[in-house]
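Notes follow the structure.
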Amino acid sequence: MLQLETVILYCLKQLNNERTIYSIFHLLNGKKSSQTIQDAHLFSLKEFFGVYETLTREDFEHITEDLFKKNLIDGCGEQRYQLTVLGLDHLKNTSMDHYLNGWNFHLFTTLFWERLSFLIQVTSNLVYEESKYIPIQKNKDVHNWLKSLLTEIQVPRNELGSILYSEILDCLNGAKDLDPAILVYRLTGFQQIGLTALQAARKREMALHDYQLEFINTLHYLIQKIKDSNSFHILTFLLKDLEKDDELTISARKTWNFLIQGNSPGKIADLRNLKLSTIEDHLVEFALHLPNFSIDPYVDKELQTKIIEISRSIGTRQLKRIKDELKSVTYFQIRLVLAKYGDEKWN
């Protein structure tokens, strides 16, 4: 199973000393800042974006301290760490196989779990013809979703349990290196209350952080499996209307509306009473998320090529080092180019 310590080590290796240790904390939390979003893309860490939103800064610091005490990482500047030889060996000899897809799934993972757990609870009680029980989920949207499902699926109530069980079994049977108990222990059914995350972790003799990561890993596997298959008549409804929201932040969307009206970044800053640097952050978001967004008005083609070539030749995405090589370029221009092409032109 994938462990949180291993994920942090992997992220540190990818960051290559170019970000502080807290950039990993923000990545795991899914922080909606331009820097964190750009880091996820530039350093090929999108799968870990938002996979542990409940991780506290205090717990993260404890894990970092443990990695240091185990001689897996060493300090290399203020709030910066690099892997030691022991850390590199640990990473080399540890499997990084997983189903995490934080970038695409983190926005609705919790809602997916609420739907799944509630569906199983209701179905279990239907099987035993029990109508008096306390719903495990309080979210009214989830209740309305389930009512809609029961109306649409056109499956006799007495057959719902066996069909749902069969679909979940088929779904999990295709998984590699997944422990179904990670999920099953959390489920509530007829005369049975699901365990909390802490209780389930103890039952599996796992550290809570590792359990939380594996729980999300299992949910992401289920989401992807259901998305890729046409054979799940009931489970398919779990993903109904769960399309990913607009990737742009609310503020960036407002800037976009001004931009497509022909306003310059400086003019938009005045109209919105914001700093120009904030509008530039939004333009970087557009370069990251909108495939048809052209950065040519802000960085000419020749300069774009130079920035990418220098970034590759000195082996860094660190803005200052690139700027030191190209005196005339601005930090904003470097960020735009790396946002637009960093992923595809790095190697």
Restricting attention to region 316-323, does a residue exist that is surrounded by fewer than 16 Cβ atoms within 10 Å (Cβ to Cβ) and out of contact with any Asp or Glu (no Cβ under 8 Å at 6 or more places or on another chain)? yes
Contact list please: Cβ distance under 8 Å, first residue in region 167-195 and without any contact (Cβ under 8 Å) to a residue 12 or more places away in the chain, second residue assigned to a loop (DSSP other than H, G, I, E, B) and basic (Lys, Arg), pairs at least six apart or on different chains. Leu195/Arg186
Does region 58-71 contain at least one residue that is in a strand (DSSP E or B), touching a strand residue (DSSP E or B) at 6+ places or on another chain (Cβ under 9 Å), open to solvent by 10 Å² or more (accessible area, probe 1.4 Å) and within 19 Å of Tyr22 (Cβ to Cβ)? no
Of a type in the set (Asp, Glu) and modelled with pLDDT of 95 or more: is that true of Glu78 in this structure? no
Conditions first: (1) more than 29 Å from Tyr331 (Cα to Cα); (2) surrounded by 15 or more Cβ atoms within 10 Å (Cβ to Cβ); (3) out of contact with any His (no Cβ under 9 Å at 6 or more places or on another chain). Lys46 passes all but one, so which condition is the exception? (1)
Within region 80-102, count every residue that is surrounded by 12 or more Cβ atoms within 10 Å (Cβ to Cβ) and polar (S, T, N, Q). 4
Among the helices (runs of 4 or more DSSP H) confined wholly to region 108-196, which include 2 or more residues that are exposed (fewer than 12 other Cβ atoms within 10 Å of the Cβ) and not charged (D, E, K, R)? 140-152, 157-173
Count of residues meeting criterion [closer than 24 Å to Met96 by Cα and either out of contact with any helix residue (DSSP H, G or I) (no Cβ under 8 Å at 6 or more places or on another chain) or of a type in the set (Val, Ile, Thr) (or both)] in region 182-202: 3
Restricting attention to region 276-310, the residues that are under 22 Å from Asn16 (Cα atoms) and either over 26 Å from the mean Cα position of the chain (by Cα) or open to solvent by 50 Å² or more (accessible area, probe 1.4 Å) (or both) number exactly 5
Here the residues within region 18-40 that are surrounded by fewer than 19 Cβ atoms within 10 Å (Cβ to Cβ) and assigned to a helix (DSSP H, G or I) are Tyr22, Gln35
Can you pull out the residues in region 22-51 that are at pLDDT below 95 and either on the phi > 0 side of the Ramachandran plot or over 12 Å from the mean Cα position of the chain (by Cα) (or both)? Gly30, Ser33, Ser34, Gln35, Gln38, Asp39, Leu42, Phe43, Ser44
Any residue in region 274-283 that is modelled with pLDDT under 95, more than 30 Å from Glu167 (Cα to Cα) and among the acidic types (Asp, Glu)? yes
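So which residues in region 198-230 are of a type in the set (Gly, Ala, Ser), in a helix (DSSP H, G or I) and surrounded by fewer than 21 Cβ atoms within 10 Å (Cβ to Cβ), if there are any at all?
Result: no residue meets the conditions.
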For region 120-166, which positions are in contact (Cβ under 8 Å) with a residue 12 or more places away in the chain, closer than 18 Å to Gln191 by Cα and under 29 Å from the mean Cα position of the chain (by Cα)? Ile120, Gln121, Pro135, Ile136, Gln137
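The values are calculated or read from the model by the stated rules, or taken from the named source; none is laboratory data. Note that this is a predicted model, so its numbers are computed, not measured. A quick note on method: Cβ atoms are made from the backbone with ideal geometry, for glycine too, and the neighbour counts reach across all protein chains shown. Heavy atoms of the whole protein, side chains included, go into the accessibility calculation; ligands, DNA and RNA do not. Shrake-Rupley method; radii C 1.70, N 1.55, O 1.52, S 1.80 Å.
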